[in-house]
Amino acid sequence: MAERGSGTAADEAAADVEAARRRLAIAQAALLTALTAGGPVPDGFDPRRIRIQRQALAAKRAGVLARIAPELPEIMGEGYRAAALAYAGATPLTGGYRQDAIGLARHVLAGDRLPPGPERQRLERWLRAHADHPARKGRLARLLRGRGQSHG
């Protein structure tokens, strides 16, 4: 029976694949940072196209936040869009949209984007009410939880 080789070529191929995966992961992270967190445009990408896509993603995120937490644009008025775009352009989405809405409120309050007055007080109340509670579950989750409970 012939013995198999030492695997040196296979080991080198596996190391090459792993190195390529690491390079790809780094490049993907750089692109994602450029698109969602205001990071520099990676080499090989058109800065103009990245800027356009970054703006589109920030606008989409501002719209989603307005649907998830409709009180925010109501409280902030005309300043909502600019504040949401600035926040989205500099802050990556990490904890879901409800947490993102809370982050936006904190960002606005910390940056003094809302002057003292009734709107600021309403935003502070909104933040206290939402930041202290875990994310609400949807209707399906409530129904499924209800099935596991016995009544009686």
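The values are calculated or read from the model by the stated rules, or taken from the named source; none is laboratory data. Just so we're clear, the structure is a prediction, and the values are computed from it rather than from any experiment. Because the Cβ atoms are built from the backbone with ideal geometry, glycine has one as well, and the counts that use them run over all protein chains shown. These accessible areas exclude ligands, DNA and RNA; they are computed on the full protein's heavy atoms, side chains included. Shrake-Rupley method; radii C 1.70, N 1.55, O 1.52, S 1.80 Å.
Can you work out which of the residues in the range 32-47 that are modelled with pLDDT under 90 and part of a loop (DSSP other than H, G, I, E, B) is most open to solvent (accessible area, probe 1.4 Å)?
Out of the qualifying residues, it is G38.
Looking at the range 64-81, which of its residues are touching a residue at least 12 places away in the same chain (Cβ under 8 Å) and farther than 17 Å from Q121 by Cα?
Start the filter on the range 64-81 by keeping residues that are touching a residue at least 12 places away in the same chain (Cβ under 8 Å), which leaves 64-66, 68-69, 71-72, 75-77, 79-81.
Correct list: V64, L65, A66, I68, R81.
Just checking, which of G103, G89 is at pLDDT 90 or above, open to solvent by less than 100 Å² (accessible area, probe 1.4 Å) and touching a Ser or Thr at 6+ places or on another chain (Cβ under 9 Å)?
One residue alone meets the criteria, G103.
State which residue is least open to solvent (accessible area, probe 1.4 Å) when the search covers only the range 48-58 and only residues that are more than 18 Å from T94 (Cβ to Cβ) and in contact with a helix residue (DSSP H, G or I) (Cβ under 7 Å, 6 or more places away or on another chain). Outline the logic, then answer.
The initial filter retains those residues of the range 48-58 that are more than 18 Å from T94 (Cβ to Cβ), namely 48-53, 55-56.
Narrowing the set further to residues that are in contact with a helix residue (DSSP H, G or I) (Cβ under 7 Å, 6 or more places away or on another chain) leaves 50, 53.
Numbers: I50: 14, Q53: 87 Å².
That would be I50.
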